[in-house]
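Student: Once you've had a glance at the structure underneath, I'll fire off some questions.
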Amino acid sequence: MTSSDIGWFLLLGIAGAGISFIFYVIGIRWTALTTASMVAMVEPVTASLFGFLLTTIQLLGMVVILGTVTVLSVKQSK
């Protein structure tokens, strides 16, 4: 690892994780807890989508999570 790599790691850590976490916490304050928890459940799905290779089990997991979030959202709005 070179010194320029450390700068990139810091940038990715601050911009990628830090800023997004701050926005997430601010968003939780403005939404209902049930809505925030459903949004949090979509995070693994989006992380998998950005992966290069999706296995069958990952695709099945995405379908289960998205289906559950959809059912809970529809059920909550009624």
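Read-outs: derived from the displayed coordinates by stated rules, not from any lab. From a predicted model like this one, the values you see are computed outputs, not experimental measurements. All Cβ positions, glycine included, derive from the backbone under ideal geometry; neighbour counts span all protein chains shown.
Student: So what is the calculated 222 nm ellipticity per residue for the chain, using -39500 (n - 2.57) for each DSSP H run with n of 4 or more, over all residues, to the nearest 500 deg cm²/dmol?
Tutor: Calculated at 222 nm, the ellipticity per residue is -24500 deg cm²/dmol.
Student: Further question on the same structure: Which of these values of Cα extents along the principal axes in Å was calculated from the structure shown: (1) 55, 36, 9; (2) 32, 22, 16; (3) 41, 25, 22?
Tutor: Of the labelled values, this structure produces (1).
Student: Sticking with this structure for a sec: Please sort 57-64, 19-26 by packing, taking for each peptide the average over its residues of neighbouring beta carbons within 10 angstrom, highest first.
Tutor: The densest-packed peptide leads the list: 57-64, 19-26.
Student: By how many degrees, between 0 and 90 and to the nearest 10, does the Cα long axis of helix 56-77 differ from the longest principal axis of the chain?
Tutor: 50 degrees
Student: Report the gain in length on full extension from Thr46 to Phe23: 0.36 nm times residue separation, minus Cα-Cα distance, nm rounded to one decimal.
Tutor: That works out to 6.6 nm of additional length.
Student: Further question on the same structure: Can you compute the modelled spin-label distance between Val39 and Leu59, with each label point 7 Å from Cα toward Cβ, in nm?
Tutor: Placing both labels 7 Å beyond Cα along the Cβ direction yields 3.0 nm.
Student: Taking 0.36 nm per residue of sequence separation and subtracting the Cα-Cα distance, how much length would be gained by fully extending the chain between Ile6 and Trp30, in nm to one decimal?
Tutor: Residue separation times 0.36 nm, minus the Cα-Cα distance, leaves 5.1 nm.
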